[in-house]
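Report on the following structure.
The values are calculated or read from the model by the stated rules, or taken from the named source; none is laboratory data. Just so it is clear, the model here is predicted, and its values are computed rather than measured. Reconstructed Cβ throughout: ideal geometry from the backbone, glycine too, with neighbour counts over all protein chains shown.
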Amino acid sequence: MFDLNAYLHRLHYEGDIQPNLATLKALHSLHLKHIPYENLDIMQGLSCNLEPEALFEKMILRKRGGFCYELNGLFACLLRKMGFSCEIVSARIHQADGTVGEEFDHALLIVSLEEKWIADVGNARWFHQPLCLHCETSQADAGRNYQVIPYNGGYLLLLEGAEGDQVPQYQFTECPRKLTDFQPMCDYKWTSPQSRFTQDRICSRVTEQGRIMLYGRRFLKWKGWEREERVLESGSESEFEKLLWEYFGLTVTRE
């Protein structure tokens, strides 16, 4: 059963619950801080379930995280429960090598208020607060600048790089989708040897300073474009588990 109060408690949210822009911004920021982006179930060989009840049980009751389909799927349930008009849409991620992912590569949300806003709590590496969909200028967020431009009948999200260049992040349309539409791509990413999610453990979340991430044997911290990296002791599982608990509030599932 979906428990609104339990969800808001998980986010440490104590503000207004009216479906307005201020509420959306606060929820979005807190979601990225308190519910990590992680693939621990994938690395443990556990099954995936995108049903809302299963997502709520995993991320709210058991205080786990998830990856984009799980995180944005559950966030859509929260927003709708609070009275927001919200649609899940498909995005195709632009990779650093110039390739572009297939349809349903990523899930994000479009929230309709007086204006339309992009909400995306499905990966801590992007914007911390919603972006205005129809805005002709760049939008500053957490020390970086983003711009949403018309592209191929839809939109393209651009990030201003450290050198001032415009780097494509993902392209999308406003075509509404159901979370079940993402299931085949989710299954592929969850199980395929070619999927980056099956290569090593990932855990990331937003902090007051920027972002932190555990990736395999590396612990990374970002503040704006500045990055610190620490390599964990080779073979030190205890150090990984200590950092996982201390910085993300998670423990490794053992099956």
Residue check for LEU243: under 27 Å from ASP105 (Cβ atoms), surrounded by 14 or more Cβ atoms within 10 Å (Cβ to Cβ) and without any contact (Cβ under 8 Å) to a residue 60 or more places away in the chain: no
Residue check for TRP126: modelled with pLDDT of 95 or more, closer than 23 Å to LEU79 by Cα and within 19 Å of the chain's Cα centre (by Cα): no
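In the stretch 49-64, which residues are touching a residue at least 24 places away in the same chain (Cβ under 8 Å) and closer than 30 Å to GLY154 by Cα?
Step one: filter the stretch 49-64 for residues touching a residue at least 24 places away in the same chain (Cβ under 8 Å), giving 50, 52-53, 56, 59-61, 63-64.
Passing the criteria: LEU50, PRO52.
Going through the stretch 11-40 one residue at a time, which ones are outside any helix (DSSP H, G or I), touching a helix residue (DSSP H, G or I) at 6+ places or on another chain (Cβ under 9 Å) and under 26 Å from GLU114 (Cβ atoms)?
Within the stretch 11-40, the subset outside any helix (DSSP H, G or I) is 11-20, 35-39.
Okay, now just the ones that are also touching a helix residue (DSSP H, G or I) at 6+ places or on another chain (Cβ under 9 Å), so 11-17, 19, 35-39.
Matches in the stretch 11-40: LEU11, TYR13, GLU14, GLY15, ASP16, ILE17, PRO19.
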Filter result for CYS132 (farther than 22 Å from ILE212 by Cα, touching a Phe, Trp or Tyr at 6+ places or on another chain (Cβ under 9 Å) and surrounded by fewer than 17 Cβ atoms within 10 Å (Cβ to Cβ)): yes
Strands (runs of 3 or more DSSP E) (entirely within the stretch 115-222) containing at least 1 residues that are basic (Lys, Arg) and under 28 Å from TYR247 (Cα atoms): 144-151, 202-206, 211-215
Scope the stretch 218-229; condition surrounded by fewer than 20 Cβ atoms within 10 Å (Cβ to Cβ) and at pLDDT below 90; matching residues: LYS223, GLY224, TRP225, GLU226, ARG227
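Working only within the stretch 126-149, note down all residues that are in contact (Cβ under 8 Å) with a residue 60 or more places away in the chain and either in contact with a Ser or Thr (Cβ under 7 Å, 6 or more places away or on another chain) or within 19 Å of THR173 (Cα to Cα) (or both). Explain how you work it out, then say what you get.
Filtering the stretch 126-149 down to residues in contact (Cβ under 8 Å) with a residue 60 or more places away in the chain leaves 128-130, 142-144.
Listed by number, the residues that qualify are HIS128, GLN129, PRO130.
When only residues in the stretch 49-69 that are acidic (Asp, Glu) and assigned to a helix (DSSP H, G or I) count, which is surrounded by the most Cβ atoms within 10 Å (Cβ to Cβ)? Full working, then the answer.
Kept after step one, since they are acidic (Asp, Glu), are these residues of the stretch 49-69: 51, 53, 57.
Remaining after also requiring assigned to a helix (DSSP H, G or I): 53, 57.
Values: GLU53: 11, GLU57: 14.
The qualifying residue surrounded by the most Cβ atoms within 10 Å (Cβ to Cβ) is GLU57.
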Test result for PHE104, under 19 Å from TRP222 (Cβ atoms) and of a type in the set (Phe, Trp, Tyr): no
